Amino acid sequence: MIQSHTDVSLGDCGYLNTCVRMASCKYVHYELERDPKSILAGSKSSLLPNVYPRQFINCDVRHLDMSILGKFSVVMADPPWFIHQKLPYGTLDDDEMRSLQIPVLQDDGYIFLWVTGRAMELGRECLTMWGYCLFYFFILILVLGTTGSMSSCGSRPTRSSGSCAPAGRGTGSTTPRSTASWGSRATRPT
């Protein structure tokens, strides 16, 4: 979305269509042009036998009985780590993060846990406490636009990089056959 205050030379906002300052942010933003279900409906992929509508639960995850959600073979988690900054959403302190009921979501499978720089060791600790075997960390660095500028919203870079900790539990606790496909920059935990 190009608005009157948008400066296209700055590139994409790191928050894309979820920026809380979209009305004043000078970076380029996006919006969905068509319903995602219609995109999937045209797909002949056997990986998506049933397409279900998106579902959102607006709640305090510290008090959610996660067992009502069922079991999953893959969990992608981007929890609200406490990073000692004022954010437009609530965060969880370290003890609250450790006590999340993540283990009830899987018996076997994989988790992809996004962590902040400050929380890498805490993320490793949480995965171990929750019964997962950490494979390695990989770091994603976002370089956007033709200028090669880092993603930012406002005066400082935001979401310009992220660290993901893929891990497995149960039969998923062995390292995947081809770790090269999981990320080009990987560090194995010691």
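The values are calculated or read from the model by the stated rules, or taken from the named source; none is laboratory data. Nothing here was measured: the structure is a model prediction, and the numbers come from that model. Side chains included, ligands, DNA and RNA excluded: accessible areas come from the protein's heavy atoms. Shrake-Rupley method; radii C 1.70, N 1.55, O 1.52, S 1.80 Å.
Summary table below
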| quantity | calculated |
| --- | --- |
| Candidate residues Tyr110, Tyr27: accessible-area rank, largest first, probe 1.4 Å | Tyr110, Tyr27 |
| Rounded percent of accessible protein surface that carbon and sulfur make up, region 76-138, 1.4 Å probe | 57 |
